[in-house]
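Here is the structure we will look at.
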Amino acid sequence: MATAVELLPREYGYVVLVLVLYTFLNFWMAGKVGKARKMYKVPYPTLYASESDNKDAKVFNCVQRGHQNSLELMPLFFVLLLLGGLKHPCISAGLGLLYTVTRYFYFKGYSTGDPQNRLSVGKYGFLALLGHIVCTISFGVTLLLRG
């Protein structure tokens, strides 16, 4: 009897490594939010700074929002990456790498305090998600049509 690992395509390892890479990106973003909390004096459990109480609220909130948005999309990204990668591991890994890179630039741009800066490179992350959706649909259709 074959183990689960033996049933997966060899290239699925790329998918797994991209998932781990994104996890490290997430840890890095969380660290940046922690540093911003200290720098702009926004204590836990406050999620966002109030502009009436903190002159640096907008900058802190942009750092926080850049990470929060990445957290909100992470479950969708992970599921699409892992499922679409079962049929299209190299394409999914490539799209996942593209998504991870665009998320880095999304966060860096947002962290400047000008929300528009998140879109220079960050906007292309949605193309990667669209590609993941196509790979996952292809995987689902293949399952349904197999004899």
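Nothing in this text is a laboratory measurement; each read-out follows from the coordinates by a stated rule. Fair warning: this is a prediction, and the values are worked out from it, not measured in the lab. Note that each Cβ is placed from the backbone with ideal geometry, even for glycine, and that neighbours are counted across all protein chains shown.
In table form, for the structure just shown:
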quantity: Using alpha-carbon coordinates, inclination of helix 57-87 to the longest axis of the chain, degrees; calculated: 0 degrees
quantity: Over the chain: helical MRE at 222 nm, DSSP H runs n ≥ 4 each giving -39500 (n - 2.57), nearest 500; calculated: -25500 deg cm²/dmol
quantity: Shape of the range 31-100, Cα gyration tensor, a/c cut at 1.5; calculated: prolate
quantity: Centre separation in Å (Cα based) which lies between the range 125-147 and the range 35-61; calculated: 41 Å
quantity: Max mean-square fluctuation residue, GNM over the chain, Cα-Cα springs under 10 Å, options Val63, Val121, Val33; calculated: Val121
quantity: Between 0 and 90°, nearest 10: helix 89-110 axis offset from the chain longest Cα axis; calculated: 10 degrees
quantity: Lys123-Lys58 pseudo-label distance in nm [points 7 Å out on the Cα-to-Cβ vector]; calculated: 2.1 nm
quantity: Kirkwood hydrodynamic radius (C-alpha pairs) into Stokes-Einstein, the range 13-63, 4 °C and 1.567 mPa s, D in µm²/s; calculated: 106 µm²/s
quantity: Pairs of lysine residues in the chain - Cα separation under 13 Å, sequence separation of 8 or more or cross-chain; calculated: 4
quantity: Stretch gain in nm, segment Leu145-Gln116, where the contour uses 0.36 nm per residue and the Cα spacing is subtracted; calculated: 6.0 nm
quantity: In sequence order, calculated HN-Hα J values of the range 117-125 (Karplus, 6.51, -1.76, 1.60; Hz; x Gly/Pro); calculated: 5, 5, 8, 3, 10, x, 5, 6, x
quantity: Label point at Asn69 placed 7 Å out along Cα→Cβ; residues across the range 15-55 whose backbone nitrogen lies under 20 Å; calculated: 22-37, 47-51
quantity: For the chain: span of alpha carbons on each principal axis (Å, largest first); calculated: 64, 30, 21
quantity: Stretchable slack from Glu6 to Tyr44, in nm (0.36 nm times residue separation minus alpha-carbon distance); calculated: 9.1 nm
